[in-house]
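Okay, structure first, notes after.
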Amino acid sequence: MSALGIIPARFASSRLPGKPLVDLGGRTMIERVVAQARRARLARVVVATDDERILDHVRGFGGEAVLTRADHPSGTDRVWEAFDLLGRPGGFNCIVNIQGDEPFIHPAQINALVDLFAQRPTPAIATLIKPVLTDEELFSPHLPKVVVNQFGRAMYFSRYPLPYQRQHPSHEWLAHHQYYRHLGLYAYDPETLGELTLLPPSRLELSESLEQLRWLEAEYPIQTVITELDAFGIDTPEDVARARQRLGAG
C-alpha cells in the first residue's frame, strides 16, 4: 500500500494574493501544510505550484515541488499535471489531493482516506465529510453539504442543506436529521484521476459551482469517510489573523 500526496498551491488569490507564502508563526502556510502531510501515511509529498517563488521556497525548506501551468481550472487538473510531470510513477495505490491553504490539516484525516485504498474493492474517488453541528454551518452557502446513501457513497453535493424537511421549521432541522458538510480533501485511484480531467463541465456543477458534481453526473462513485476533526481553510486576511491567534503568534 503506497500513497502519493500532492498539494496544489497557486500564488494568485482574489482575496489573499500569495497566500501559500503568508507567514504563520515563523513558518509559511505551505511549509505547515507540507509538514502536516509528511506526518501522514504518505510515501511521497509533492507541491504543485504555478509560481517560481513558491517552487523555490518549497525546495528551500527541503520539500519537493513541480512547476505546473497557471491556467488550470481546478486543483484536480493541477494535481494530474503534477503527477504527469513526475513521470506518472507506478506503485501508488492512490493520489491524495491536499488543500494548500489548510495549515492545520490533521494527518488522521489524510490517513482515513488512504486506508480505504487498502481495502477491496478500492474506491475510484474518496473524500471526507463531517457532521454538521450548528445552524450557521447548515445554512452557510460557503460550506457545501453532502447527501450519502446507506453505504456512505455520495448521492449529491449542494450549497443548500438537503434534504428539505417539509414537516419541520428550518431551525429544527438539525434535531431531526443528521446533516454532513463536505471537506475538500480527496483521494483518487490514479487511473480515475486522469479520466476526471477529461470530463467537460456539467450542468449541476455549473449551477452549484461544485466540481465534484461533474464526477457524479458522469457516474463516478464517490466514497465518503466521516471525520470528527474540523477543517481550517485560509482565504482572507481575517483567516490569517485567526490562524496566527491559534498559533499564539499575535
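Where a number appears in this text, it was derived from the coordinates with a stated rule and is not lab data. All of these numbers come straight from a predicted model, not from anything done at the bench. A quick note on method: Cβ atoms are made from the backbone with ideal geometry, for glycine too, and the neighbour counts reach across all protein chains shown.
Results, tabulated for the structure shown:
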quantity: 11 Å beta-carbon shell around Ile95, net charge (K/R +1, D/E -1); calculated: 0
quantity: Proxy reagent accessibility, fewest Cβ within 10 Å first, across Asp50, Asp230; calculated: Asp230, Asp50
quantity: Amide H partners (placed H, <5 Å) of Gly18, local residues excluded; calculated: Ala12, Ser13
quantity: For Leu185, residues with placed amide H under 5 Å, excluding near neighbours; calculated: Leu128
quantity: Under 10 Å, Cβ to Cβ, from Arg159 - net charge with Lys/Arg +1 and Asp/Glu -1; calculated: 0
quantity: Restricting segment 200-236 to GluC sites (Glu not before Pro) in coil, as DSSP defines it, with at most 15 other Cβ within 10 Å; calculated: Glu219, Glu228
quantity: Loop-resident sites, segment 57-87, for trypsin sites (Lys or Arg not before Pro), counting at most 14 other Cβ within 10 Å (DSSP); calculated: Arg69
quantity: Relative contact order of segment 3-247, pairs being alpha-carbon contacts under 8 Å that are 6 or more residues apart, as %; calculated: 23
quantity: Helical contribution to [θ] at 222 nm, DSSP H n ≥ 4, -39,500 (n - 2.57), averaged over the chain, rounded to 500; calculated: -8500 deg cm²/dmol
quantity: Inter-centroid distance (Cα atoms) of segment 51-75 relative to segment 1-44, Å; calculated: 10
quantity: Antiparallel bridge percentage (DSSP; both residues within the chain; nearest 5); calculated: 50
quantity: Of the chymotrypsin sites (Phe, Trp or Tyr not before Pro) in segment 54-124, those whose Cβ has at most 14 other Cβ within 10 Å and which sit in DSSP loop; calculated: Phe61
quantity: Fewest-first ranking of Ile234, Ile129, Ile7, using other Cβ atoms within 10 Å as the exposure measure; calculated: Ile129, Ile234, Ile7
quantity: Net charge of Cβ neighbours under 11 Å - reference Leu206; Lys, Arg +1; Asp, Glu -1; calculated: -2
